[in-house]
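Engineer: The following block contains the structure, expressed as structure tokens.
Nothing in this text is a laboratory measurement; each read-out follows from the coordinates by a stated rule. Bear in mind the structure is a predicted one, so any value in this text is a computation, not a measurement. Here the Cβ is made from the backbone with ideal geometry for all residues, glycine too, and neighbour counts use every protein chain on show.
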Amino acid sequence: MNDDLRKLISLQELDLLIKERKKEEEAGFQLQGAEEFKKARETIISLLPPHLYRKYQRLKERYGNAVVPVVGGICQGCFILLPTSLVSQKNKNERIHTCPNCGRILYWADE
């Protein structure tokens, strides 16, 4: 898998964890480790090319999830059947691909 793609997936997972922690704290639970998640997030951001991080942020603001899996040739963000030319490529996770419909960053979960 492409290293930048792996970082984008990790960044999204950290963002989801941070969001869940905020909800739990708002509900009155006292949780430890939130700062560690934020430090890990900053580390990942510093390792990403700036243009990819900006793209991630735009997609996250628009859709919530910026990076989505492809299952059975279908984008799991907008549920459109992806073009055969994209789906039939070898080593699809070695490059960063975006959905031609919604623009989300794609990764193939079944590879």
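Engineer: Using DSSP, restrict attention to beta bridges with both residues in the range 3-108 and report what percent are antiparallel, rounded to the nearest 5.
Structural biologist: The antiparallel proportion sits near 55 percent.
Engineer: A further question follows. Longest exposed-loop-site-free stretch of the chain, with chymotrypsin sites (Phe, Trp or Tyr not before Pro), DSSP loop and at most 15 other Cβ within 10 Å?
Structural biologist: With chymotrypsin sites (Phe, Trp or Tyr not before Pro) excluded where exposed in loops, the chain gives 30-78 as its longest stretch.
Engineer: Normalised by the number of residues in the chain, what is the relative contact order in percent for Cα pairs under 8 Å and 6+ residues apart? Write out the running numbers ahead of the final one.
Structural biologist: On the way: 107 pairs, mean separation 31.3, N = 111.
It comes to 28 percent, rounded to a whole number.
Engineer: Can you match Cα Rg over 2.2 N^0.38 Å to one of these, [x] 1.05; [y] 1.17; [z] 0.97, based on a calculation from the structure here?
Structural biologist: Looking at Cα Rg over 2.2 N^0.38 Å for this model, the match is [y].
Engineer: Looking at the chain, identify the longest residue range that excludes and avoids all trypsin sites (Lys or Arg not before Pro) in DSSP loops having at most 16 other Cβ atoms within 10 Å.
Structural biologist: For trypsin sites (Lys or Arg not before Pro) (loop position, at most 16 other Cβ atoms within 10 Å), the longest site-free span of the chain is 1-89.
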